[in-house]
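Data first, discussion second: the structure below is written as structure tokens.
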Amino acid sequence: MEQRRILVAVTGGIAAYKVPELVRTLIRAGAVVRCAMTREASEFVSPMVLQTLTGHPVRDHLFDPSQEGEIDHISLADWAELVVLAPATANTLAKLAHGLADDLVSAVLLATRAPILAAPAMNVNMWEHPATRANLEVLRSRGVHTIGPEAGELACGWEGLGRMSQPEAIAAAAESCLAPNDLAGEVVLVSAGGTQEPVDAVRYLGNRSSGKMGFAIAAEAARRGARAVLVAGPSSLPTPAGVRRIDVGSALEMRDAMTAEFDAATIAVMAAAVADFRPSQSSQRKIKKEDLPDGAGLTLELVPNPDILAELSRTKGERTVVGFAAESHDMIEAARRKLTRKGCDLLVANDITQQASGFDSDTNTVVFVWPDGQIEQLASLPKREVAAQLLDRVMKLRGESQ
Ligand code: CTP
């Protein structure tokens, strides 16, 4: 949400006490936040608190010569890329559904062309009233996004639906409202993490991949409207919102899952660090030292694993297939050879010896390598940003091939 302009419009309900936390969450995510409030809202949360957090004057009057001098209500409505209405009272929802504009918040809501995200909060009976239900139906049919309310104990003493959603959930919903929908219609299949090649009942051969890069790609694809499927090697990372996750262990399991999902995919990204070899045999039981001659070592025979990326690329048809290349030396030349050998449409090379691009790092420094040998070096960026840049390139490729 870096530098995205969000207007938080606050109306008069007890849940307004959560708004400072919402504002802080949005600002932490990089957004530029302004607040507008009704007079009633200023009874529940001080404009001074919101002014201090946002660094901008907070308006609460529709026509106030001193406040209009700062930024008039139409400019405020135009300024916003997204209006978050939190809490959204039954009264304000009713006004918006009927086009009333008799206070600052309802006037801004009517004047803005930005998307609106409403986080309702009210007494359960008000929420369930047919008038509120009908107003919400009208608003949703006009494209107003809503989040919540949640069930629980209400400030008025009643139990039931009516609590405003938590600030983090509202901020996450705001982020998806702002996202471009340019991957709608695409099915993005991503592999992530390392694989574990069983040696015996307790041991395996693995690698140091964290899965962060692949998880970031799946998250970004879902955020931009794609159906995202994540085939993940063993990882404790949480499943990103809107992503379907399939957990696998070994390279052979990953190959089975990727092959099965590839049919329905339009884009495949192999970000996983697949083990190139696996033990030719793995014991169902634990290998015990006492079963070996005294002082003897243990020799494992390794056999090659299938190359999943090369297999998928061979049958890709109209799909766009992207590979990664983890290199420790001679990066560009090795990546060019790898791209030719595997037959994918784009290769993302990274030098794993660099601190800012190694395993488990939150950043990555990558070079895009294209089939014609061209390269494009990116600066060191958070993995989520690398994911965004990668999907931009993929969409450009897909646009060119149509
Ligand atoms: N890959 C794969 N199946 C394998 C090995 C790798 O699909 N058995 C994919 C990886 O997911 C990555 C790309 O191939 O997208 C390159 O992986 P990398 O480990 O850099 O290359 P390798 O093919 O393993 O070659 P080497 O280890 O010799 O550099």
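Report every pair of residues separated by at least 6 positions or lying on different chains whose Cβ atoms are under 6 Å apart, first residue within region 65-80 and at pLDDT below 65, second of a type outside the set (A, V, I, L, M).
Gln67/Arg59; Gln67/His61; Glu70/Pro57
Where residues in region 139-176 are surrounded by fewer than 20 Cβ atoms within 10 Å (Cβ to Cβ) and more than 29 Å from the chain's Cα centre (by Cα), which of them is modelled with the lowest pLDDT?
Cys156
Can you name the residue in region 256-296 that is among the polar types (S, T, N, Q) and within 33 Å of the chain's Cα centre (by Cα) and, of all such residues, is farthest from the ligand (Cβ to nearest atom)?
By that ranking, first place goes to Thr266.
Only one of (1) outside the structural domain of Val243 (by TED's automatic domain parsing); (2) surrounded by 18 or more Cβ atoms within 10 Å (Cβ to Cβ) is not met by Thr195, so which one is it?
The one condition Thr195 does not meet is (1).
Considering only residues of region 304-321 that are near the ligand (Cβ under 8 Å from one of its atoms) and part of a loop (DSSP other than H, G, I, E, B), which is nearest to the chain's Cα centre (by Cα)?
Asp307
Tell me, which helices (runs of 4 or more DSSP H) wholly within region 9-90 include 1 or more residues that are within 32 Å of the chain's Cα centre (by Cα) and basic (Lys, Arg)?
By residue number, 19-28.
Residue-by-condition table, conditions (1) farther than 29 Å from Thr353 by Cβ; (2) in the same structural domain as Asp276 (by TED's automatic domain parsing); (3) of a type in the set (A, V, I, L, M):
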site: Leu298; (1), (2), (3): yes, yes, yes
site: Val303; (1), (2), (3): no, yes, yes
site: Pro306; (1), (2), (3): no, yes, no
site: Ala310; (1), (2), (3): no, yes, yes
site: Lys316; (1), (2), (3): yes, yes, no
site: Val321; (1), (2), (3): no, yes, yes
site: Glu327; (1), (2), (3): no, yes, no
site: Asp330; (1), (2), (3): no, yes, no
site: Ala334; (1), (2), (3): no, yes, yes
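Residues checked against (1) among the acidic types (Asp, Glu); (2) out of contact with any Lys or Arg (no Cβ under 9 Å at 6 or more places or on another chain); (3) under 30 Å from Ala29 (Cα atoms):
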| site | (1), (2), (3) |
| --- | --- |
| Gly343 | no, no, no |
| Thr363 | no, no, yes |
| Gln374 | no, yes, no |
| Leu381 | no, yes, yes |
| Val386 | no, yes, yes |
| Asp392 | yes, yes, yes |
| Gly399 | no, yes, no |
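Within region 347-394, count every residue that is under 25 Å from Asp182 (Cα atoms) and touching a Gly at 6+ places or on another chain (Cβ under 8 Å).
2
Enumerate the pairs (first residue in region 43-63 and in the same structural domain as Gly30 (by TED's automatic domain parsing) and farther than 16 Å from Val33 by Cβ; second residue anywhere and among the β-branched types (Val, Ile, Thr) and surrounded by fewer than 20 Cβ atoms within 10 Å (Cβ to Cβ)) with beta-carbon separation below 8 Å, excluding pairs fewer than 6 apart on the same chain, so at least 6 apart or on different chains.
Note: pairs meeting the criteria are Phe44/Ile14.
For Phe324, are the conditions met, namely being surrounded by 18 or more Cβ atoms within 10 Å (Cβ to Cβ), at pLDDT 95 or above, assigned to a strand (DSSP E or B) and more than 12 Å from the ligand (Cβ to nearest atom)? Outline the logic, then answer.
Values: surrounded by 18 or more Cβ atoms within 10 Å (Cβ to Cβ): yes; at pLDDT 95 or above: yes; assigned to a strand (DSSP E or B): yes; more than 12 Å from the ligand (Cβ to nearest atom): no.
Here the answer is no, as Phe324 does not meet what is asked.
The values are calculated or read from the model by the stated rules, or taken from the named source; none is laboratory data. Keep in mind the model is a prediction, meaning the values are calculated, not measured. With ideal geometry, Cβ positions are generated from the backbone for all residues, glycine too; neighbour counts draw on all protein chains shown.
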